[in-house]
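Notes follow once the structure below has been shown.
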Amino acid sequence: MALLVSLPGGNQAMAWILLLLMSAACLQAGDTAGSNTEIPYGVNQTARLSGIQDGSIDIPFSFYFPWELAEDPQMRILWRWKHFHGKFIYNSTPLFIHEHFRNRLILKWTQPQTSGVLRILNLKEKDQTVYFCRVL
């Protein structure tokens, strides 16, 4: 989950901070502290990150599962914003990037890795929201 806030008394151009917070809704299973022993699969996202307006931020993620993948698993990474069932902002296959993020999103992940980074470039005030990662 992410929230963009301004700091009182600061330079407005540099005062926007992107705080990424983890909520239970961000998870398929498990939590940021580690894997859940009852449900052996899930997605982890960093609890907090920050960045400045016009800067960039990397949102690391990882996922885990107990089964062995097929030789060509054709996995997909999807990102949503604003709420758990919000609009998609990124889809790795087929490639889709929401118009608000056009030329500002980079996914650093290669199959069959179980971790990666979503980079948001040129942070804007409108980027203040929550972000959710999903792996298929």
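The values are calculated or read from the model by the stated rules, or taken from the named source; none is laboratory data. Not measured: the values here are computed from a predicted model. Virtual Cβ from ideal backbone geometry, glycine too; neighbours counted across all protein chains shown. Protein only, heavy atoms only, side chains kept; ligands, DNA and RNA dropped before computing areas. Shrake-Rupley method; radii C 1.70, N 1.55, O 1.52, S 1.80 Å.
Could you tell me what percent of the accessible area of the range 37-109 is made up of carbon and sulfur, with a 1.4 Å probe and every protein chain present?
Working: 2320 of 4560 Å².
Of the solvent-accessible surface of the range 37-109, carbon and sulfur hold 51 percent.
Taking H placed 1.01 Å from N in the peptide plane, check which residues at least 5 places from Y90 or on another chain put their amide H under 5 Å from its amide H.
W79, H98
Hey, with R₀ at 25 Å, roughly what FRET efficiency would A70 and K108 work out to, going by the Cβ-Cβ distance, to 0.05?
On the way: r = 23 Å, r/R0 = 0.93.
The calculated FRET efficiency here is 0.60.
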